[in-house]
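Okay, structure first, notes after.
The values are calculated or read from the model by the stated rules, or taken from the named source; none is laboratory data. Small disclaimer: the values here were computed from a predicted structure and weren't measured. Cβ: placed from backbone, ideal geometry, glycine included. Neighbour counts: every protein chain shown.
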Amino acid sequence: MKNSKFYFPKYSLLLLLALLTVLFFIYGFDTILFLHPQSVHQWRQCDCLSFSQNYYHNDGTFFAPVINYLGRDGDGKTVSDFPLLYYSIGKLWKITGYHEYVYRLIVLIISISGLVALAKTVEGILKDSFMGIFTALILFSSTIFVYYSNNFLMNVPAFGFALMALYFFYRFYDSGKNKFLYLSMLFFLIGGLLKTPSLMGFVAILGIYFLEQISPLRFGKNGRLFPRPKSQALPLLMVILLIALWYGYAASYNEKHNTGIFLIGILPIWDISKAHILDIIHFARILWLSSYHSKIMQGIAIVLFFFVLFSYKKTHKFLWYFMTFLGLGFILYLMLFFQVFNHHDYYLINQLIFMVSIFTAFFYLLKYSFPKIFGSMTFRIILLLLLAYNVKVCAKNIHDRYHVNWLNPYLTDTKELVNITPYLRSLGIKRTDPMLVEQDPSFDITLYFMDQKGYTTFGGRFRDSLEIRKEIKKDLKYMMVTDSSLLKRPYLQPFIHHQIGRWNKFYIFKLNHRNK
């Protein structure tokens, strides 16, 4: 059943790109694209940039990445995500020059490509271009998706590759051609290497594969979705194998060098007390709840989920099971990573696929069970009003993240570090000369802005003179104190007699043999 009024596949891509361009300016991307790392999770942004910065300087190799923070081993060797983009951007900077907007632009292109893939997938399933575009734009009205789609973290790029993977899987479903299955698994592999939560869709497909083998259920258009289960299991198994190999290597690499910097594992709910659980729920609700989507949209998604769930006989079989497996995966994911949700909004970016699956399944149910409602102009106007409201909420949230001081400490803090690097070099400080930053509780914020190797006070390190002296005996050469009030602290007194410079509020000292 095609509704010709709303089905225009030849022009839908152009319309979607035009609408995304409008939203580009509504969200202020024309300004954000050229900003330094700042606002929510500036810490993690600088960690990501630090990987690329070191690749740019030819420090480390593809499978042996390093960051500016030297860690307990003193070599800066650590790994988080598969370094495909970090490495590529670091090498691209050698051609374009070192510009952070190049990094942002690469992430944005991948994000938009994912939205296009989503729109074409839903369009193909429903034979309705309007609904394809609407679904993509609803995703692009989620604050966490929008904020990180023009940023430095790997979560949205991973999600973008997963959306492309789902597009090719739809093509496999529609045509039965194995080349699309292999392409789908390739993109799932890339997304999963960047961030394992992007594999939620893959896991749901894996569940459907096994269900088709052990039950009379058939998920294809005219029978089996996987008519050659043994040979068609190969690309699925390759994804699992390569993901396992990479994260096994990453865990071993970190254990050998600087463990504890990046999480490679889980932080489950059952490892903490009831009081701690309640604290996390409280902070997540206050800080991040509105960042996932407007409260209205979240409420609608919950209602639609149960509506589709209890309409099993009327819903597309594959879409129903896909949505249900994602729902179960969502609950399991919350339990496995519960401890991060009071501070880290980006952990739920890839879970937005659950919301996408709800809307897709609901629209399919509506089209074939309630065609008059589905095809009515009134219904689509309501959807446009809902979209407009969500865009308004999202635009305000994005504005606040960059303009409200408590959300963006960069406005009053690290902004003063911009352009400090030439000054450091004028003092004779090489980028490889280890410098201690007192006080920076992050790994890389100050060190990244300075383009400097060194140490910070992360984890309570360097809070006594003995520990500082111990590091001086190894290789510590300089110290930066980030505020004049810190100069009065007793444990710093032995190290502030040889000041060699000052940049805004930052005091720079040389640590020599006398400090030992």
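Some observations on this one:
- Of all residues in segment 389-424, exactly one satisfies the criterion of being in contact with a strand residue (DSSP E or B) (Cβ under 8 Å, 6 or more places away or on another chain) and either free of Cβ contacts under 8 Å to residues at least 24 places away in the same chain or among the β-branched types (Val, Ile, Thr) (or both), namely Ile420.
- The single condition from (1) of a type outside the set (Lys, Arg); (2) under 24 Å from Leu35 (Cβ atoms); (3) surrounded by fewer than 19 Cβ atoms within 10 Å (Cβ to Cβ) that Phe449 fails is (3).
- Filter result for Leu23 (crowded, with 21+ Cβ neighbours inside 10 Å, of a type outside the set (Val, Ile, Thr), assigned by TED's automatic domain parsing to the domain that holds Ser291 and within 30 Å of Phe363 (Cβ to Cβ)): no
- Single residue of Ala361, Ala388 found to be surrounded by 15 or more Cβ atoms within 10 Å (Cβ to Cβ), of a type outside the set (Val, Ile, Thr) and at pLDDT 95 or above: Ala361
- Residue match in segment 133-141 (condition: part of a loop (DSSP other than H, G, I, E, B) and in the same structural domain as Leu386 (by TED's automatic domain parsing)): yes
Quick grid of which residues meet (1) closer than 26 Å to Ser291 by Cβ; (2) modelled with pLDDT of 95 or more:
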| site | (1), (2) |
| --- | --- |
| Lys2 | no, no |
| Leu13 | no, yes |
| Val22 | yes, yes |
| Ile26 | yes, yes |
| Thr31 | yes, yes |
| Ser39 | yes, yes |
| Ser50 | yes, yes |
| Gln53 | no, yes |
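- Any hit, segment 42-55, residues being among the basic types (Lys, Arg) and surrounded by fewer than 21 Cβ atoms within 10 Å (Cβ to Cβ): no
- Pairs meeting the criteria (first residue in segment 12-26 and under 26 Å from His399 (Cβ atoms), second residue assigned to a helix (DSSP H, G or I), beta carbons under 6 Å, at least 6 apart or on different chains) are Leu16/Ala119; Leu16/Ile133; Ile26/Ala395.
- Unmet criterion (only one of (1) free of Cβ contacts under 8 Å to residues at least 12 places away in the same chain; (2) under 30 Å from Ala388 (Cβ atoms)) for Leu241: (2)
- Verdict on Phe283 being within 30 Å of His399 (Cα to Cα) and either among the aromatic types (Phe, Trp, Tyr) or at pLDDT 95 or above (or both): yes
- Within segment 334-344, being assigned to a helix (DSSP H, G or I) and either out of contact with any helix residue (DSSP H, G or I) (no Cβ under 9 Å at 6 or more places or on another chain) or crowded, with 20+ Cβ neighbours inside 10 Å (or both) holds for one residue alone: Phe338.
- Filter result (of a type in the set (D, E, K, R) and either outside any helix (DSSP H, G or I) or closer than 16 Å to Lys179 by Cα (or both)) within segment 207-229: Arg218, Lys221, Arg224, Arg228
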